[in-house]
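The values are calculated or read from the model by the stated rules, or taken from the named source; none is laboratory data. Because the structure is a prediction, the values reported are computed rather than measured. Note: ideal-geometry Cβ built from the backbone for every residue, glycine included; neighbour counts use all protein chains shown. Accessible surface areas use protein heavy atoms only, side chains included; no ligands, DNA or RNA. Shrake-Rupley method; radii C 1.70, N 1.55, O 1.52, S 1.80 Å.
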Amino acid sequence: MGNNNKYIKLPLPDYQEPKKTVFTRAHLKGVEKLGRVVMPEDSDFPAFSEIGAEKYLNRMVDYMYEDDKSAILIILKLFSIMPQIIIKWTMSLIETGAKWQGMLGAPFRMLRIALKGLIFTVYYSDVTENQTIHSKIGYDAKIVM
Amino acid sequence: MEKDKINSSGYDVVIVGSGCSGSFVAWKLNKAGLNCLLLEAGSYFHAESYPRKELDSNSKLYWGGGIELNTEANIGILRPKVLGGGSIVNQALLDRFDDLAFDSWTNESGIEYFNQKDLARYYDEVEEVIASQEIPAKFRNRNAAIFEQGFTNNGFQCAPLVRAQKDCKYEDGNDCVECLGGCRIDSKQSMPVTVLKDAVDNGLKIVADFEALNLSMEKGRGIVSGRFTNGESGEFSGKKIVLAASSIGNARLLLNSGFKHPMIGRKFFTHPQHMVLALYEEAVNSHKGAFQGFKSNDPNFRKSGFKLENVYAPPVAIAMLLPGFGRTHQEIMRYMSHLACVEVAVRDTNPGRITVNKAGRAIIIKSLNKEDRIRWNKGLHAIDNIFNSTGAKRIIPGSIPIGLHLMGGCSIGMDSNTAVVDQDFRMYENQDIYVTDSSLFPNAPGINPSFTIMALSIKASESIKKEF
Ligand SMILES: Cc1cc2nc3c(=O)[nH]c(=O)nc-3n(C[C@H](O)[C@H](O)[C@H](O)COP(=O)(O)OP(=O)(O)OC[C@H]3O[C@@H](n4cnc5c(N)ncnc54)[C@H](O)[C@@H]3O)c2cc1C
């Protein structure tokens, strides 16, 4: 047993795609604005808006539980009509509230994971064609095939 | 889809969940000549198809799109969903349990075979099929060196880690942090490249992309019904059912199926792990080479109920651990290559509970009690000492602890009032249903669990075999 062959493959079909989530223009605008707050442009980092997140969101959101997905979509819709400064303020409030112990802080921690998770996951996965983010942060892990 | 080619009934044993336990049970029973079917909610990936981007690994290899939370949202639960379960995404560290762990299991369960001597032959059998290796000193990275130096500086004891791996070709420049999304060179000893490969060659049937949603027993036949990823429903049946869907998966399936034992979902433990980062003047490159190297091996730590390991994670995970957003976040993230990381894992004493909501989704109630917090703080204090004594400029505790050793929920024991499963791994409530995975743990051992899960699964297979 083990890896005597080149690669071991079982006689099974490869993975199944889940159902596609449909993002409206409002959802995408909400992501864009949140992205500008969470990952603003900087001398080292390309702005979130430069990576064209809308192309990659399905690869994340499609796999969420239905109720989590619905909640995120509602928040993104809200963000689409909120001024940027209010989104920034909301994120600061979430960071503060997330430090509260027990159930009091729970909604803030959930929001923190969901909102930062949405932006960081797409951003730091270095999904774009020009793939610059990993090199900016000195991350060059590899497997030589 | 595979279901078209596979019979839905007539099996001796239907196994739900293909992680460390389900795969070992399937392999053993198949070898013993039983007609087995292995069901898995996740998809099948292999060396050439594992997702390459962290975004896709999180989505495609875990439940809930990457992370689930307890009700207080202060523990991030990582629950694998892929053929091979945790063996695909885990760090593959192998540890036998010590006397402390087994004695506390015997105390809790009343079961006498929980001791190193009686279980040695099962561990040995696992070692015959799962290659393991001490992380080679030459390929340990600077993060490991900081850990070792910090231990020496503080008079703590540490030991090299042993990992289920073979021929990782570090000399070619491979970085094992990549295999947290599945090993692309088949070196990590995951289930599909070891026991499952063998069992499939010997006739084991596997259905992936099928989530078991209901379990019923009718006229000596177990019926598992559920849904394929494409939305179609399906049903499979066999004489015996083995539940190996891990703590949350088993409890959820049993509760949604109307099983009534009051201890189902109770006594749930996670070894909450807190990753602590530290910023150094020079690059640490914690992601390079064999990204883990050492564990604590200090009797005082063990007595105090925590362990430390040097560890690391890819960028999305590290970003999620950092505090703040915007500039505050970027200030640290731009120096990601200068970060070292040590984690403390607490041997948690406060049992949590898994239940289900009206929609059938698992609800995870789990908090830390005073004792757990004391253990945690002792561990964090030791980490501070390690980093401070090795010249860290700044110490950054991760923003959320992680639970990835999911244990209990169908605990084993001699007393049918306090345990769900008897010493032969059969459910008290229905003797044709077996539980063989980490959900049977009676408490948190404070040691990496996968080796023991595999060993106990072999033992459980012997009990099941006796029924035929
Ligand atoms: C990132 C990570 C690192 C880890 N590192 C280590 C380590 O270094 N050493 C160690 O000892 N342990 C480690 N662990 C823990 C270890 O992997 C687990 O304890 C082990 O895999 C548990 O085995 P199991 O068979 O009980 O469950 P799992 O391996 O989790 O398998 C359960 C399977 O059941 C499937 N399932 C669940 N519900 C259903 C359903 N309704 N229908 C069909 N299928 C279902 C799941 O999709 C899953 O594939 C780690 C875990 C993670 C996540």
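Summary of computed values
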| item | result |
| --- | --- |
| Only listed residue being under 19 Å from the mean Cα position of the chain (by Cα), more than 14 Å from every other protein chain (Cβ to nearest Cβ) and either open to solvent by less than 30 Å² (accessible area, probe 1.4 Å) or near the ligand (Cβ under 10 Å from one of its atoms) (or both), chosen from B:L78, B:L61, B:L94 | B:L94 |
| Wholly within the stretch B:212-329, strands (runs of 3 or more DSSP E) carrying at least 2 residues that are within 20 Å of the chain's Cα centre (by Cα) and not hydroxyl-bearing (S, T, Y) | B:233-243, B:273-279, B:294-296, B:306-310 |
| Evaluation of B:S59 against (1) at pLDDT 95 or above; (2) in the same structural domain as B:A208 (by TED's automatic domain parsing); (3) not β-branched (V, I, T) (one fails), failing number | (2) |
| Selected residue (criterion: nearest to the other protein chains (Cβ to nearest Cβ)) from residues of the stretch B:447-468 that are open to solvent by less than 10 Å² (accessible area, probe 1.4 Å) and more than 9 Å from the ligand (Cβ to nearest atom) | B:I458 |
| Only listed residue being open to solvent by less than 60 Å² (accessible area, probe 1.4 Å), within 7 Å of another protein chain (Cβ to nearest Cβ) and either more than 30 Å from B:L368 (Cβ to Cβ) or without any contact (Cβ under 8 Å) to a residue 40 or more places away in the chain (or both), chosen from A:M60, A:M64 | A:M64 |
| Matching entry among B:E125, B:E72 (being more than 10 Å from the ligand (Cβ to nearest atom) and either in a loop (DSSP other than H, G, I, E, B) or closer than 23 Å to A:Y56 by Cα (or both)) | B:E72 |
| Test set (1) within 16 Å of the ligand (Cβ to nearest atom); (2) more than 27 Å from A:M145 (Cα to Cα); (3) open to solvent by 10 Å² or more (accessible area, probe 1.4 Å) - B:L119 fails condition number | (3) |
| Of all residues making up the stretch B:243-265, the number that are out of contact with any strand residue (DSSP E or B) (no Cβ under 9 Å at 6 or more places or on another chain) and either near the ligand (Cβ under 7 Å from one of its atoms) or at pLDDT below 95 (or both) | 0 |
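Yes or no, residue by residue, for (1) within 14 Å of chain A (Cβ to nearest Cβ); (2) crowded, with 18+ Cβ neighbours inside 10 Å; (3) modelled with pLDDT of 95 or more:
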| residue | (1), (2), (3) |
| --- | --- |
| B:D103 | no, no, yes |
| B:F114 | no, yes, yes |
| B:V129 | yes, no, yes |
| B:N143 | yes, yes, yes |
| B:N153 | no, no, yes |
| B:C158 | no, yes, yes |
| B:L161 | no, yes, yes |
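The rows are residues; the columns are (1) more than 18 Å from B:H287 (Cα to Cα); (2) open to solvent by 70 Å² or more (accessible area, probe 1.4 Å); (3) outside any helix (DSSP H, G or I); (4) modelled with pLDDT of 95 or more.
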| site | (1), (2), (3), (4) |
| --- | --- |
| A:S92 | yes, no, no, yes |
| A:K99 | yes, yes, yes, yes |
| A:A106 | yes, no, no, yes |
| A:M110 | yes, yes, no, yes |
| A:A114 | yes, no, no, yes |
| A:S135 | no, yes, no, no |
| A:Y139 | no, no, yes, yes |
| A:V144 | no, no, yes, no |
